[in-house]
1. Which one of these does residue A:243 not meet: (1) away from chain B (no Cβ under 14 Å); (2) touching a helix residue (DSSP H, G or I) at 6+ places or on another chain (Cβ under 6 Å)?
2. Just to be sure I understand, how many residues within region A:302-323 are over 25 Å from the mean Cα position of the chain (by Cα), assigned to a helix (DSSP H, G or I) and closer than 24 Å to residue A:57 by Cα?
3. Based on this model, can you work out whether residue A:421 counts as surrounded by 24 or more Cβ atoms within 10 Å (Cβ to Cβ) and either modelled with pLDDT under 95 or within 30 Å of residue A:507 (Cβ to Cβ) (or both)?
4. Suppose we filter A:229, A:225 for residues that are surrounded by fewer than 17 Cβ atoms within 10 Å (Cβ to Cβ) and within 14 Å of another protein chain (Cβ to nearest Cβ); which single one remains?
5. Kindly list the number of the only condition in (1) within 14 Å of chain B (Cβ to nearest Cβ); (2) at pLDDT 95 or above that fails for residue A:172.
6. Do you know which residues across chain B are more than 7 Å from chain A (Cβ to nearest Cβ), outside any helix (DSSP H, G or I) and modelled with pLDDT of 65 or more?
7. Any chance region A:218-235 includes a residue that's more than 21 Å from residue A:63 (Cα to Cα) and either touching a helix residue (DSSP H, G or I) at 6+ places or on another chain (Cβ under 8 Å) or in contact (Cβ under 8 Å) with a residue 12 or more places away in the chain (or both)?
8. Within region A:174-204, track down each residue that is closer than 30 Å to residue A:299 by Cα and either surrounded by 20 or more Cβ atoms within 10 Å (Cβ to Cβ) or in contact with a helix residue (DSSP H, G or I) (Cβ under 6 Å, 6 or more places away or on another chain) (or both).
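The values are calculated or read from the model by the stated rules, or taken from the named source; none is laboratory data. Computed from a prediction, not measured in an experiment: that's the story for all the values here. Because the Cβ atoms are built from the backbone with ideal geometry, glycine has one as well, and the counts that use them run over all protein chains shown.
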């Protein structure tokens, strides 16, 4: 790696470029990572996926998927971010120069998710207010698509704005940009420290309230009654791995970015287990709360739970308002439910936008405030221009479906294959994790990342691809799906490649030879030398601390 | 609620929340280490600061 003369020796580094921001401790990192992982999907996706895929029996593939894919992928992201100290483009470029484009692909995916994710938070914010008067009356579905969103019959992109969505959306972006401009510790960390405990308390109260509703135990019976015959069905295993994968915020850069702000000697695996189990703990809690409420809805309507069980937007903005209108103390239930969506959504959105800001900051070496504004304002404008309109719902639907199925899954698949087979980076990353962590990773971790995860992600990708090609999407016109679905996911790949070709600023962190500082690097190398028994291929680690800061290190490793 | 559903609910809660409890205990047994240079950065509230070296 080429560097300017004045940066060549770490101890003589006189550059004015600011040091990387840092979490004040692992507690705030864990809370921020939980805030990122616990999002809308935990509340509105998990309960239905579990119910549809064997009920109580689903918990077995779910727990296996957590331990063999979710937590191992979390460790992989932590290892990359912590070892290479950067946003996805910088960290992956440090891992291997050809990997930078994968990092920009992840940044692009975060960009697309951010523009529509904010809109759902704005809806939830409005529904907190609507809950006080049960504004939807007896027709929650009609209110949502009619009076509230004013959904057009035309499937296109229009600019007929809906003020009741536009105004809260502007507020959401104002809050997110302000928090992110404050920085990692003063903004993101302090938000997580307040929001996550608040979210947990609110959701526990909601669950307790839901459990006392008539019919609640019927709902739980539907959720947890095991259908053991389904365990032989491959689809429930795919559903379990898919749920864990989408739920944990792994594979698209968030955890790489967050772990890059960790201290040098952080216990990565210890922190990762807390984040992984906390995320799943919240999902189980959400399952209990949601199905207790659906049990009440079924009892009140005199129908079976199967007739009222839904997921996603239908659950949050149609089924739950119906429940709130009928339940005793429904106002409290509504405020707690939609308030939880707002808090869970905001902490996730902050983490998604942070990936983009960190990438721009790393590449340009701009200040935090400047990078936040350069990223945040265009992001907010695109979001505000396209989604709070009478045509925004279809656009959101297509964008969400395609960026998840062919963005997140595809980039995660490419990343794990590149890191395992392409760059042979897994042994080195395992050594890095083991040098600083309380729970050591064995070779099984490499098998889970290099074997289990690519197979599962590959299956999910091909299965969805064949379905979309043969059936289209949601009965929407081909041109609409072609531009905002297929076109968008292909454009993300092309743009990522082009961004990887833009030269890095001469002041950017890519020119640092020393990433961790000489003390830890010496310790890491000593640790690796004594514990490493592997002799296989190694990743190319250009310009990393381990390869640059310890004299004679290269020779020692090659022995 | 059937006995099978109750058992599966308890197993799910014990496995996940129990796992979380053990993970938290593990963290308690392994307090984090801080070196002097990082302590200086954290003292600045985690903000970007000029290099100390």
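1. Only one criterion in (1) away from chain B (no Cβ under 14 Å); (2) touching a helix residue (DSSP H, G or I) at 6+ places or on another chain (Cβ under 6 Å) is unmet by residue A:243, namely (1).
2. Total meeting the criteria: 3.
3. Against the criterion (surrounded by 24 or more Cβ atoms within 10 Å (Cβ to Cβ) and either modelled with pLDDT under 95 or within 30 Å of residue A:507 (Cβ to Cβ) (or both)), residue A:421 does not qualify.
4. Only one candidate passes the filter, namely A:229.
5. Every condition holds for residue A:172 apart from (1).
6. B:31
7. Checked against the condition, which is being more than 21 Å from residue A:63 (Cα to Cα) and either touching a helix residue (DSSP H, G or I) at 6+ places or on another chain (Cβ under 8 Å) or in contact (Cβ under 8 Å) with a residue 12 or more places away in the chain (or both), region A:218-235 yields at least one hit.
8. A:199, A:202, A:203
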